[in-house]
Amino acid sequence: MAKTADAFTLPSAARMFYEAYSLAEDTKSQLEETATFLIGVSRRSTEETFKLGEHLERAAGLLPEGTLEKWAVERCGYTARHVRTQRAVFRNLARYKDILVELAVGPTVLGKLSTAEPEQIEQVIGFAAQNGKLRVQDVATIMAGAKSEAESRPQIHPHDVGGLDGLKAIIAIKVRDGIKSFVGHLEEIRAHVSEALLEKRLIKKTLAAQIHLTARLARKELESLAQFVMPNPNFDYVIWETKLPANTRWNDVGNLLHKIGGTDTWPEKGELRTWLENEVLPLLEWASAKTKDPVWPLGGTASTSPNLASVEASSVAEYQQQRQVNETSEFADCKASSVEDETVKRLQAMLAPFGAEVTMESPAVSRQVVSDDSIPSLAEALAESPKAFKRPTFLDRTKAAANKADDGAASAA
């Protein structure tokens, strides 16, 4: 099977284009595959419109800078304006793709919407969710800020739109802003680490002060974007977050951010530079890569999360439940111990004038389960002679103190 562009019947202008820019054969082959898709697109759906823009972006990466429009005109019969519009749809509306596909927004409307500001796009999505359809004139009216019949109702904020459409709209906003913030924090950490590695002397304390709080924030952002919540089956008032699946790459990213956020777990000075160069930077670059399917930098599969090393992926939920039960039990024990301590203090204060001391069994002893063999039967209990009552010693001291006080009062009289 031929793998060069000669396998395609090229127009003379396209052939001249490839020759003029001395493109490699594999590059020409990839461009021809893209051209086949672009030429074959007829009546486009919302999904296909985004794919068209994605293919044009991919072709732009293969071609010399500034030559995409010329290639698309000569090879695919597109106009330069159409190329710019489709690329703008992919670049400016990709973050809203899911909700726009769900709303079935047409290609022409997408082209008009691609020039709007983010606030206007969100307003248009809210309008479409409320009215069930979207026209070019609706987009134009919203962008121009003019009042029209289509906008006769009060303008609705995206967070005020009800139903599944309203929910999808605010989720799109959350994903857009959340990913932007998360990636921005990763890039901030990378910048500080790269700058520190350029120095001849790597100062751990200085670098930690620059990035550890940002890493904690980024980890929470990742949890907010990628994890779910679940109820505790034993304590219905407790809700906890699920975990990223163990032995996965994104779980490794979360663990790395956790480690960066806790400087006590950083490697020692002799291993710090190696850790930053071979683990921190590669993982952060992988997590924030804008290319499709970036290569995993550590080779092989992801490592198992230290916190879940002995737990199979299928039993993560059970592990979390047991962990929460243990934490709740520990909290209850601590609370009970605190109450017992306060009780002892109050008793000591009350009995101090009488010279008495308070002793209390430890919680472990007091809660010890008594075996069935040590519990006497009714017949055994009746057969035993009753034990004589033994007067507590502190009562004798209390009586002696009272008699002494009475004698003193009588002498005074």
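How much accessible surface does residue 258 have with a 1.4 Å probe, in Å² rounded to 10? Counting only protein heavy atoms, residue 258 exposes about 110 Å² to solvent. Residues 177, 26, sorted by accessible area with the largest first, give 26, 177 [1.4 Å probe; ligands and nucleic acids excluded]. The heavy atoms of residue 70 offer some 100 square angstrom of accessible surface to a 1.4 angstrom probe. Looking at segment 183-235, the trypsin sites (Lys or Arg not before Pro) that sit in a DSSP loop and have at most 14 other Cβ atoms within 10 Å of their own Cβ are 200, 201. The value obtained for segment 208-263, namely the Cα convex hull volume divided by the number of residues, is 97 Å³ per residue.
Computed with a 1.4 Å probe on the full set of protein chains, the accessible area for residue 45 sits at about 50 Å².
Determine the relative contact order of segment 77-200: mean sequence separation of Cα pairs under 8 Å and six or more apart, normalised by residue count, in whole percent.
Computed value for segment 77-200: 25 percent relative contact order.
In terms of accessible area, using a 1.4 Å probe and ignoring ligands and nucleic acids, 109, 136 rank largest first as 136, 109.
As a calculated quantity, the FRET efficiency between residue 62 and residue 115 at R0 = 25 Å, using C-beta atoms, amounts to about 0.45.
The values are calculated or read from the model by the stated rules, or taken from the named source; none is laboratory data. Worth saying up front: this structure is predicted, and the values here are computed from it rather than measured. Ideal geometry is used to build each Cβ from the backbone, glycine not excepted, and the neighbour counts take in all protein chains shown. Surface accessibility is based on the protein's heavy atoms, side chains included, excluding ligands, DNA and RNA. Shrake-Rupley method; radii C 1.70, N 1.55, O 1.52, S 1.80 Å.
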